[in-house]
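One structure is given below, encoded as structure tokens.
The values are calculated or read from the model by the stated rules, or taken from the named source; none is laboratory data. What you see is a predicted model; the values in this text were computed from it and never measured. Here the Cβ positions follow ideal geometry from the backbone for every residue, glycine too, while neighbour counts run over all protein chains shown. Please note that ligands, DNA and RNA were not included when accessible areas were found on the heavy atoms of the full protein model with its side chains. Shrake-Rupley method; radii C 1.70, N 1.55, O 1.52, S 1.80 Å.
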Amino acid sequence: MRNRLVTLTTVTVIAAAGVLLTTTAGTAQAPAYRAPRAADGKPNLNGIWQALNTANWDIEAHAAGPSVVRELGASAAVPAGLGVVEGGEIPYRPEALAKKKENYTNRLKLDPEIKCYLPGVPRSTYMPFPFQIIQSQQHIMMVHEFAGAVRTIYMENHVEAPADSWMGWSNGRWEGETLVVDTKGFNDLSWFDRAGNHHSEALHVIERFTARSPETLMYEVTIEDPKVFTRPWKMSMPLYRRVERNAQIMEFRCVEFVEDLIYGHLRKQPSK
Amino acid sequence: MRTKLALVVAGIGVLLASAPVWAHHAFAAEFDVNKPLKLRGTLLKWEMVNPHSWFHLDVKDQDGKVVTWLIEGGSPNQLIRMGVTKNTVPIGTELVIEGYHAKDGTNKAVGRNFVLADGKRLFLGGSAPGGGGDKK
Amino acid sequence: MKHRCLVSAGAAIVFVAAWPTAVPLAGQGAPAAGASAGRAYTVPRTPDGQPDLQGFWTNSTYTPLERPDKVTKEFYTPQEALEAEKQAAARESEQTAPGTVADVHYDFSQFALDRSQAPLARSLRTSLIVDPPNGKLPALTPLGQKRAAEREEVSKRIGRWDSAESNQLDDRCIIMRGPGPPMMDAGYNSNYQIVQAPGYVMILTEMIHDVRIIPLDGRPQPHGNVRQWMGVSRGRWEGDTLVVETTNFNGKNPFVGSSEQMRVTERLTRVSNDAIRYQFTIEDPGTWVRPWSAEAPMMKTEGPIFEHACHEGNYGLYNTLVGARLEEKKAAEGAAKKGSK
Amino acid sequence: MNHRFRVPARVLATLTLIVVLVSIPVAGQAPSTASRTNGTAAKPYTPSRTPDGQPDLQGFWTNSTYTPLERPKDVTKEYYTPEEAAAAIKLVAERENEQTEPGTTADVHYDFSQFGLDRSQSTFTQSLRTSLIVDPPEGRIPSMTAEGEKRVADRAAARKALGGQYDSVQNMPIGSRCIVMAGAGPPMMNAGYNANYQIVQAAGYVMILTEMIHDVRIIPLDGRPQPPPGVRQWTGVSRGRWEGQTLVVETTNFNGKNPFRGASENMRVTERFTRTAEDTILYKFTIDDPSTWAKPWSAEMPMARTQGPIFEFACHETNYGIANILAGARADEKRAAEAAAKTGSK
């Protein structure tokens, strides 16, 4: 490209000299968005939603890092993230922090996601997979693509969890424009992410889903687990609606993909 | 409880149950038919999980040492519908298990029969403590 | 990347001719060597009202970071600057003697990669460092010395060609001197492209297509866990000067010995149609006893900035490692033969 | 969980009681309308509507039944009389509750009834039909085309080539591997126990949750097309529409790895859900797979309202049985090898 000198036409600038047009820090408080009503008059949260952040890698702020599986190179390397934990750090008890570090070191062996186990809550919400909200008056279903995980949010006749489970037992209610979901009855086997953040069976999760625009929900979660944390703590993130035509939850029945990993060593060896 | 094989009523024809596609694996491949056993112990924990639930039982062996056995039972889901919860069978409950030892020699067995200290069979359908037939 | 290069006589002439027309950069207190004392320059504005720094720029310079020992004054006279530049260019284009290691390289000038064949960001300064006034790096703290010693020990223990990882970051195509921050002359291809959009200033560094996206909305620095090769930058306008604060370095690319706690404050001010005054201050109490500052001019140059896909074509590193392994094998076989029982 | 289990006489007694007293609530025996069976031509049931205007199918349902898919060999008529049906159920329930002989492999199992898992202890649907299959009229799966037979043979050969059932997890039944069980289908077949479904409807969607194994079918009603053939799923891809009071669901795009009675991956299943009573949905399905059966064939079964909850059936997560079995098999082989080595020692 030859070196034509581009004469810079001085742009007569109307703005007074020295006026800085930096945008004000943080977005001004936009008037609260009011979602369209579902048929029963409640906010309509139906739709296919997905988080677009690195929380599933590590809910705390983290730098980018290499993949735990050398051969996957950059394709499975860890992207950096500003973290979704409000205030930055998870208030672990000392012994629980030690366990977290141990989990991290052995994450390739211990992370339940690798074995296609149900992701637990709130991890199911920010897996790198969509989930669909099917909202009726009595039950609100949250149907996740990963491993076919599913949650029934009981909006009526709430009861205690009859037994422990991976996805917990969810009782929901409406608070104005917000769906509040109170979940207990977890086992202690799921993780919050791939970095070894963990909980006990005493975990109590309170989630708040609030529509913030036609295509986004605000998702705020309070985590309580006195056995593992010194105080309750929060994470929050937007969820984005999948708007492509004919979007649907596909099947990701991953048991089949991990059987060799889990049971391969028990395969009959061909007789020599 | 032993009763004779039910007489097959001819005539009306054997209504072969539509062999519901049992999602099961031959337990005889997991447990050894030639190693029946009877265990008496106290319940450490009942893992109400699927596809089969597991009872963790502390059993005193001959020389008094306590060994934890894992006893395989059925899916808890229908019991839950009948009102059973994780608190129904308290920890420490005295249980007698008749069953078969696992083939791989570990302290595992399938629980053919779970009997409480008072001789009552555990959960038996409607008699589940706290349960009650098909809860309406 | 080898610095020696072979320059044909022809190139030298071009070099002289270019000198007088370039508007040497006027240091803030320095005598405006040759700059016409015309009307003060007013920076044009981008459509969204920011001072306009957009365009292609270079910080290619012969001025060294630290003042040479034999030089004491802060500014050369124009003639001295010209002489110093000629000497530097001559050194850069010194004939490499065949059969010497230095000769084992393509000739930079045949690829117009010696500085003299591309616009130079000239300055009468005798060093980039302006503070401390002696133009030299301040003393290291004890911690700084300890870290320098540790790095020295490691580089002695590990051979450069033992593995890809033991190589220099630029040979590994991970990062080079250009982007910093602070942004330093990269030896060649020392070019930048600045594009501005509402609330953002973007600086693309040619080698290695490193992009700094500097938000201007006053957001805070991220949590200390976030560590990046180029740190994390936050910018604001002070009058016509863009001030950029950068922290969160990962400490794996120390700048003349810095630690990961280094804070870099850069100031970019457009002083003429084809020059930006680029100043930076380094605060790293874990390394130097006091903050220090430098100033490097950036001169307008032409685009385009072509893709510098370094890693993708880094055959050199691969070949070098293969060569090293072969030599080791030969040496081992030789020793075995000699020492055969 | 194999089929044998033990139940004391007491439960058996209550069972017969239920059968005799309670008139068979559901039967589609009158070929035309799916009216109630107790003779009186009751007013046809019209279901209530969901807030967004769909016929309301919501709630917990079960398709647990004693009626076999295919009519037993020695039965010729399409319907039993109520008495015959009751006797037939009693017979099967008894066989299901038959005492297993200690020391027989059948006895190596927990007792289903202790876990409420025999069908008699939970809601089950009753019908006077002698088979679920209604077409062909003989109530049996039609004979296969040559291509169908060949495929069945090929699959069997491929299966055999893999080796023994306990050589590796991949050789074991898909249900034991916790990949998918009969309940999900489609067609949705009775799973023996935990044969429960939860239906939730939202604007433009019907969702069916199958308890075993927490399979969810999200059926869009917006008339969108089937995805390209490249998309293959264990439970296919379903598209739904309302025809009057009946939900019609078309499913294609199966992956062929869980063939329904020998079907090919190109099977098309058409299901029809009609709420015929407050506590009954009549479920019909038609199998269309010309490369396997010359003509489509259909079946019908009632779904009876039951009560929740559908508790999480996390099957794979605690499928200890697989590891135990495979470890057991390896242990057996090792012992056998050692024994052989001892006897055949040079």
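Give the residues of region D:65-80 that are at the interface with another protein chain (Cβ under 8 Å from one of its Cβ atoms) and open to solvent by less than 30 Å² (accessible area, probe 1.4 Å), sorted by residue number.
D:T65, D:Y66, D:T67, D:P68, D:L69, D:P72, D:V75
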Here are the criteria: (1) more than 7 Å from every other protein chain (Cβ to nearest Cβ); (2) at pLDDT below 85. Tell me which single one B:M1 does not satisfy.
(1)
Looking at (1) within 11 Å of chain C (Cβ to nearest Cβ); (2) out of contact with any Pro (no Cβ under 7 Å at 6 or more places or on another chain), find the lone condition where A:A61 falls short.
(2)
Matching entry among A:L52, A:L72 (being open to solvent by 80 Å² or more (accessible area, probe 1.4 Å), closer than 26 Å to C:K252 by Cα, at pLDDT 95 or above and among the aliphatic types (A, V, I, L, M)):
A:L72
Going through C:I194, C:I158 one at a time, which residue ends up being of a type in the set (V, I, T) and within 22 Å of the chain's Cα centre (by Cα)?
C:I194
Yes or no: region C:253-260 includes at least one residue that is of a type in the set (D, E) and either free of Cβ contacts under 8 Å to residues at least 12 places away in the same chain or buried (at least 19 other Cβ atoms within 10 Å of the Cβ) (or both).
no
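Anything in region A:250-270 that is surrounded by fewer than 15 Cβ atoms within 10 Å (Cβ to Cβ), at pLDDT 90 or above and part of a loop (DSSP other than H, G, I, E, B)? List them, or say none. Reasoning before the result, please.
Step one: of region A:250-270, the residues surrounded by fewer than 15 Cβ atoms within 10 Å (Cβ to Cβ) are A:250, A:257, A:260-261, A:264-265, A:269-270.
Remaining after also requiring at pLDDT 90 or above: A:250, A:257, A:260-261, A:264-265.
Hit for region A:250-270 is A:M250, nothing else.
Yes/no per residue for (1) open to solvent by 30 Å² or more (accessible area, probe 1.4 Å); (2) within 14 Å of chain A (Cβ to nearest Cβ); (3) closer than 30 Å to C:Y188 by Cβ:
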site: C:R263; (1), (2), (3): yes, no, yes
site: C:R270; (1), (2), (3): no, yes, yes
site: C:F280; (1), (2), (3): no, no, yes
site: C:A294; (1), (2), (3): no, no, yes
site: C:M299; (1), (2), (3): no, yes, yes
site: C:E307; (1), (2), (3): yes, no, yes
site: C:L317; (1), (2), (3): no, no, yes
site: C:A324; (1), (2), (3): no, no, yes
site: C:A331; (1), (2), (3): yes, no, no
When you scan region A:229-247, do you find a residue that is among the charged types (D, E, K, R), more than 14 Å from chain D (Cβ to nearest Cβ) and touching a Gly at 6+ places or on another chain (Cβ under 9 Å), even just one?
yes
Scanning region A:25-45 for residues that are open to solvent by less than 30 Å² (accessible area, probe 1.4 Å) and modelled with pLDDT of 95 or more, the one nearest to D:I219 (Cα to Cα) turns out to be A:L45
State which residue is nearest to the other protein chains (Cβ to nearest Cβ) when the search covers only region D:98-119 and only residues that are in a helix (DSSP H, G or I) and either crowded, with 24+ Cβ neighbours inside 10 Å or of a type outside the set (S, T, N, Q) (or both).
D:F115
Looking only at region C:160-173, filter to residues that are touching a residue at least 60 places away in the same chain (Cβ under 8 Å) and within 30 Å of C:D114 (Cβ to Cβ); which one of those is most open to solvent (accessible area, probe 1.4 Å)?
C:W161
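Here's the yes/no breakdown for (1) assigned to a loop (DSSP other than H, G, I, E, B); (2) open to solvent by less than 50 Å² (accessible area, probe 1.4 Å):
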position	(1), (2)
C:G99	yes, no
C:Q110	no, no
C:L113	yes, yes
C:S116	no, yes
C:R147	no, yes
C:E150	no, no
Residue under question is D:V152, and the condition is that it be closer than 25 Å to A:Q132 by Cβ, in contact with a Gly (Cβ under 9 Å, 6 or more places away or on another chain) and of a type in the set (V, I, T); does it hold?
no
Residue match in region D:200-209 (condition: within 13 Å of chain B (Cβ to nearest Cβ), at negative phi and open to solvent by 10 Å² or more (accessible area, probe 1.4 Å))
no
Number of the condition not met by C:E238 [criteria: (1) farther than 25 Å from C:V289 by Cα; (2) touching a Leu at 6+ places or on another chain (Cβ under 9 Å); (3) of a type outside the set (G, A, S); (4) surrounded by 17 or more Cβ atoms within 10 Å (Cβ to Cβ)]
(4)
Which numbered condition D:A323 fails, given (1) in contact with a helix residue (DSSP H, G or I) (Cβ under 9 Å, 6 or more places away or on another chain); (2) open to solvent by 10 Å² or more (accessible area, probe 1.4 Å); (3) farther than 30 Å from A:I140 by Cβ; (4) in contact (Cβ under 8 Å) with a residue 60 or more places away in the chain
(4)
If I ask for residues that are at the interface with chain D (Cβ under 10 Å from one of its Cβ atoms) and either without any contact (Cβ under 8 Å) to a residue 24 or more places away in the chain or more than 18 Å from A:L118 (Cβ to Cβ) (or both), which ones from region A:143-156 would you list?
A:V150, A:T152, A:Y154
Selection from region B:96-113 of residues that are open to solvent by less than 10 Å² (accessible area, probe 1.4 Å) and more than 7 Å from chain D (Cβ to nearest Cβ)
B:I97, B:G99, B:A109
Looking only at residues in region C:203-222 that are within 11 Å of chain A (Cβ to nearest Cβ) and crowded, with 20+ Cβ neighbours inside 10 Å, which one is farthest from A:A61 (Cα to Cα)?
C:L216
From the options C:Y200, C:Y192, residue that is more than 21 Å from C:T287 (Cα to Cα) and either of a type in the set (D, E) or open to solvent by 40 Å² or more (accessible area, probe 1.4 Å) (or both)
C:Y200
Can you find, within region A:45-77, the residue that is nearest to A:F129 (Cα to Cα) among those that are in a strand (DSSP E or B) and under 16 Å from the mean Cα position of the chain (by Cα)?
A:Q50
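Collect the residues in region A:158-181 that are at the interface with chain D (Cβ under 10 Å from one of its Cβ atoms) and surrounded by fewer than 18 Cβ atoms within 10 Å (Cβ to Cβ), keeping them in residue-number order.
Of region A:158-181, the ones at the interface with chain D (Cβ under 10 Å from one of its Cβ atoms) are A:159, A:161-169.
Within region A:158-181, just A:V159 meets the criteria.
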Among the numbered criteria (1) open to solvent by 10 Å² or more (accessible area, probe 1.4 Å); (2) of a type in the set (A, V, I, L, M, F, W, C); (3) at the interface with chain B (Cβ under 7 Å from one of its Cβ atoms), which single criterion is violated by D:V92?
(1)
Please note which strands (runs of 3 or more DSSP E) are completely contained in region D:146-230 and include at least 1 residues that are under 18 Å from D:M267 (Cβ atoms) and aliphatic (A, V, I, L, M).
D:215-220
Need the failing condition index for A:A247 against (1) assigned to a strand (DSSP E or B); (2) surrounded by 14 or more Cβ atoms within 10 Å (Cβ to Cβ), just the number.
(1)
Which condition does A:Q137 not pass, out of (1) touching a Pro at 6+ places or on another chain (Cβ under 9 Å); (2) within 14 Å of chain D (Cβ to nearest Cβ); (3) open to solvent by less than 30 Å² (accessible area, probe 1.4 Å), if it passes all the others?
(3)
